[in-house]
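Structure first, then comments.
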Amino acid sequence: MHNIQKITDDIYWVGGMDRRLERFENMFPLPNGVAYNSYLIIDEKTVLMDTVDTSITQQFFQNVVHVLGDRKLDFMVINHMEPDHCANIGEIVMRYPEVKIVGNAKTFQFIEQYYSEGYKNNYYQVRDSDELPLGKHVLKFYFAPMVHWPEVMFTYEETESILFSADAFGTFGAFAGNIFADQVDFDHVYLDESRRYYSNIVGKYGIQVQSILKKVSVNEIKIICPLHGPIWRENISYIIDKHDKWSRYEPEKKGVLLVYATMYGNTENAMNIIAGKLAAKGVTDMRMYDVSKTHPSYIIADAWKYSHLVFGSPTYNNGLYYQMESLLKEMAALQLQNRKFSLVGNFTWACQSIKVMTEILTGMKDFELIGQPFELKSSLKPENEKALEQLAEDIFMSLSK
Ligand code: FEO
């Protein structure tokens, strides 16, 4: 049974959802599932915009066959070669042997690496800014390398001003019937997951995202069709502004994220006291996480959101507690920039955690240390009060600037 929706008179959503997959890329938890979007344009020529993950192949083909009816498929545009979108290329070619696979040189290189060299006769290679007339509609291809892989293209449909944006403007989270952002409470249902998706999947490539945003902004954009998550046809500047800010590494909010590792609760106590002191000074909407409990993708998403980050960790094996080290290294690999940070380091006989955290964080672009790192000797004592108060005051003063 098909499950399709209309985007416009001639353009259909033929994707599907997966709520069974535990982790995206086998890394990122998916508590609300994920949507794999694919689109079909019916014109003098028919065009499929990307395929879907293998988990929903059956649903996908029921959708495609229903919309195509007795038409053949003329083109399949591959905007992105990651297998969550291109896993059905082979099946499409088998069913529609004359289909032309639209891609660039890198697309075809990756098709051969992942699947087969057997589709060479189907290749239809495009260059940056090439156009493909379909009848009423015209597609224009904009190369968007490293958003999120090197072969990525955006495809702009000129007649109806639709941007097929590959991974950009995507989010984790399956649909509950509504596929349009204006049909849901986006801020409540998707925004946090959109930020988690952006920061963890595309976060490292801010420069490339900025460059493609400039490139496509010469066109009017009435609809954005991403490969994951809701389709935008209203208030488009809202989601473009979010991506502009995220890709410039500009915090969305002046605020405090506190992240700690703790073995026996002593580092956690210090972090709670700092947060309490900040609250007493009037700081609101803080976030706090235990690195051993919360998946790093959620913490990284909030690090993208907030301006001030406070990290607390015990020394472990004469280095840094592993989960904290792993989190900070992941954040550094994603090249987060332009944040203020403060440190709490706990130890019983030799303090190494502050040294290692400082090394990682000062290696990140425009990261600035606020206040004196607080050295906690095993557990808090009344004489620590002054140093903790001073650290909270320094953070507060920096926030108030
Ligand atoms: Fe949804 Fe980069 O793939």
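The values are calculated or read from the model by the stated rules, or taken from the named source; none is laboratory data. Here the structure is a predicted model, which is why all the values come from computation and not from measurement. All Cβ positions, glycine included, derive from the backbone under ideal geometry; neighbour counts span all protein chains shown.
Answer yes or no as to whether Gln125 is over 17 Å from the mean Cα position of the chain (by Cα), without any contact (Cβ under 8 Å) to a residue 24 or more places away in the chain and within 16 Å of the ligand (Cβ to nearest atom). So that I can check it myself, show each step before the final result.
Numbers: over 17 Å from the mean Cα position of the chain (by Cα): yes; without any contact (Cβ under 8 Å) to a residue 24 or more places away in the chain: yes; within 16 Å of the ligand (Cβ to nearest atom): no.
Answer is no for this residue.
With the checklist (1) within 14 Å of the ligand (Cβ to nearest atom); (2) touching a residue at least 24 places away in the same chain (Cβ under 8 Å); (3) touching a strand residue (DSSP E or B) at 6+ places or on another chain (Cβ under 7 Å) in hand, flag the one item Tyr12 doesn't pass.
Condition (1) is where Tyr12 drops out.
Among the residues of the stretch 76-95, is there at least one that is closer than 22 Å to Pro133 by Cβ and over 31 Å from the mean Cα position of the chain (by Cα)?
Initially, the stretch 76-95 is screened for residues closer than 22 Å to Pro133 by Cβ, giving 76-79, 92.
With over 31 Å from the mean Cα position of the chain (by Cα) added as a condition, the list becomes none.
No, the stretch 76-95 has no match at all.
Which condition does Phe154 not pass, out of (1) within 16 Å of Val102 (Cβ to Cβ); (2) more than 16 Å from the ligand (Cβ to nearest atom); (3) in contact (Cβ under 8 Å) with a residue 60 or more places away in the chain, if it passes all the others?
Of (1) within 16 Å of Val102 (Cβ to Cβ); (2) more than 16 Å from the ligand (Cβ to nearest atom); (3) in contact (Cβ under 8 Å) with a residue 60 or more places away in the chain, only one is false for Phe154: (2).
Within the stretch 57-70, identify whether any single residue is out of contact with any Pro (no Cβ under 9 Å at 6 or more places or on another chain), in contact (Cβ under 8 Å) with a residue 24 or more places away in the chain and among the acidic types (Asp, Glu), and answer yes or no.
No, every residue in the stretch 57-70 fails to be out of contact with any Pro (no Cβ under 9 Å at 6 or more places or on another chain), in contact (Cβ under 8 Å) with a residue 24 or more places away in the chain and among the acidic types (Asp, Glu).
Going residue by residue through the stretch 370-382, is there one that turns out to be outside any strand (DSSP E or B), hydroxyl-bearing (Ser, Thr, Tyr) and over 21 Å from Glu325 (Cβ atoms)?
Narrowing the stretch 370-382 to residues outside any strand (DSSP E or B): 370-373, 378-382.
Narrowing further to those that are hydroxyl-bearing (Ser, Thr, Tyr): 378-379.
Retained after the next criterion (residues that are over 21 Å from Glu325 (Cβ atoms)): 379.
The answer is yes, given that some residue of the stretch 370-382 is outside any strand (DSSP E or B), hydroxyl-bearing (Ser, Thr, Tyr) and over 21 Å from Glu325 (Cβ atoms).
Does Val184 count as in contact with a helix residue (DSSP H, G or I) (Cβ under 9 Å, 6 or more places away or on another chain) and touching a residue at least 12 places away in the same chain (Cβ under 8 Å)?
Numbers: in contact with a helix residue (DSSP H, G or I) (Cβ under 9 Å, 6 or more places away or on another chain): no; touching a residue at least 12 places away in the same chain (Cβ under 8 Å): yes.
So Val184 does not fit the description; no.
Can you pull out the residues in the stretch 83-115 that are within 15 Å of the ligand (Cβ to nearest atom) and touching a Ser or Thr at 6+ places or on another chain (Cβ under 8 Å)?
Pro83, His85, Cys86, Ala87, Asn88, Ile89
Quick one: would you say Gly265 is within 16 Å of the ligand (Cβ to nearest atom) and either without any contact (Cβ under 8 Å) to a residue 12 or more places away in the chain or in the same structural domain as Asp167 (by TED's automatic domain parsing) (or both)?
Values: within 16 Å of the ligand (Cβ to nearest atom): no; either without any contact (Cβ under 8 Å) to a residue 12 or more places away in the chain or in the same structural domain as Asp167 (by TED's automatic domain parsing) (or both): yes.
Considered against the rule, which asks whether it is within 16 Å of the ligand (Cβ to nearest atom) and either without any contact (Cβ under 8 Å) to a residue 12 or more places away in the chain or in the same structural domain as Asp167 (by TED's automatic domain parsing) (or both), Gly265 comes out as no.
Where residues in the stretch 166-185 are in contact with a strand residue (DSSP E or B) (Cβ under 9 Å, 6 or more places away or on another chain) and over 22 Å from Asn3 (Cα atoms), which of them is farthest from the ligand (Cβ to nearest atom)?
Restricting to residues being in contact with a strand residue (DSSP E or B) (Cβ under 9 Å, 6 or more places away or on another chain) and over 22 Å from Asn3 (Cα atoms), the top hit is Phe169.
Look at Ser237 and say whether it is of a type in the set (Ser, Thr, Tyr), buried (at least 19 other Cβ atoms within 10 Å of the Cβ) and in a helix (DSSP H, G or I).
Numbers: of a type in the set (Ser, Thr, Tyr): yes; buried (at least 19 other Cβ atoms within 10 Å of the Cβ): no; in a helix (DSSP H, G or I): yes.
The answer is no for Ser237.
Residues of the stretch 335-351 being surrounded by fewer than 20 Cβ atoms within 10 Å (Cβ to Cβ) and either outside the structural domain of Glu389 (by TED's automatic domain parsing) or part of a loop (DSSP other than H, G, I, E, B) (or both), which ones? Even if it seems obvious, please write down each step before you answer.
Filtering the stretch 335-351 for residues surrounded by fewer than 20 Cβ atoms within 10 Å (Cβ to Cβ) gives 335, 337-338, 347-351.
Gln335, Gln337, Asn338, Thr348, Trp349, Ala350, Cys351 - these are the residues of the stretch 335-351 that are surrounded by fewer than 20 Cβ atoms within 10 Å (Cβ to Cβ) and either outside the structural domain of Glu389 (by TED's automatic domain parsing) or part of a loop (DSSP other than H, G, I, E, B) (or both).
Which count do you get for residues in the stretch 193-234 that are more than 13 Å from the ligand (Cβ to nearest atom) and either within 25 Å of Asn178 (Cβ to Cβ) or assigned to a loop (DSSP other than H, G, I, E, B) (or both)?
The number of residues fulfilling the criteria is 19.
I'd like to verify a number: residues in the stretch 133-147 that are of a type in the set (A, V, I, L, M, F, W, C) and farther than 28 Å from Ile201 by Cβ, how many? It would help to see each step written out before you state the result.
First, pick out the residues of the stretch 133-147 that are of a type in the set (A, V, I, L, M, F, W, C): 134, 138-139, 141, 143-144, 146-147.
Okay, now just the ones that are also farther than 28 Å from Ile201 by Cβ, so 134, 138.
Residues meeting the conditions: 2.
Within the stretch 75-109, how many residues are assigned to a helix (DSSP H, G or I), in contact (Cβ under 8 Å) with a residue 40 or more places away in the chain and buried (at least 20 other Cβ atoms within 10 Å of the Cβ)?
4
Quick test for you: out of Leu391, Leu361, pick the one residue that is in contact with a Gly (Cβ under 7 Å, 6 or more places away or on another chain), surrounded by 14 or more Cβ atoms within 10 Å (Cβ to Cβ) and in contact (Cβ under 8 Å) with a residue 40 or more places away in the chain.
Values: Leu361 fails: in contact with a Gly (Cβ under 7 Å, 6 or more places away or on another chain).
Only one candidate passes the filter, namely Leu391.
Pick from Phe180, Phe164, Phe172: which is over 23 Å from Pro29 (Cβ atoms), surrounded by 21 or more Cβ atoms within 10 Å (Cβ to Cβ) and touching a Pro at 6+ places or on another chain (Cβ under 9 Å)?
Working: Phe180 fails: surrounded by 21 or more Cβ atoms within 10 Å (Cβ to Cβ); Phe172 fails: over 23 Å from Pro29 (Cβ atoms).
Result of the check over Phe180, Phe164, Phe172: Phe164.
What number of residues within the stretch 18-39 are surrounded by 22 or more Cβ atoms within 10 Å (Cβ to Cβ) and either over 17 Å from the mean Cα position of the chain (by Cα) or part of a loop (DSSP other than H, G, I, E, B) (or both)?
3
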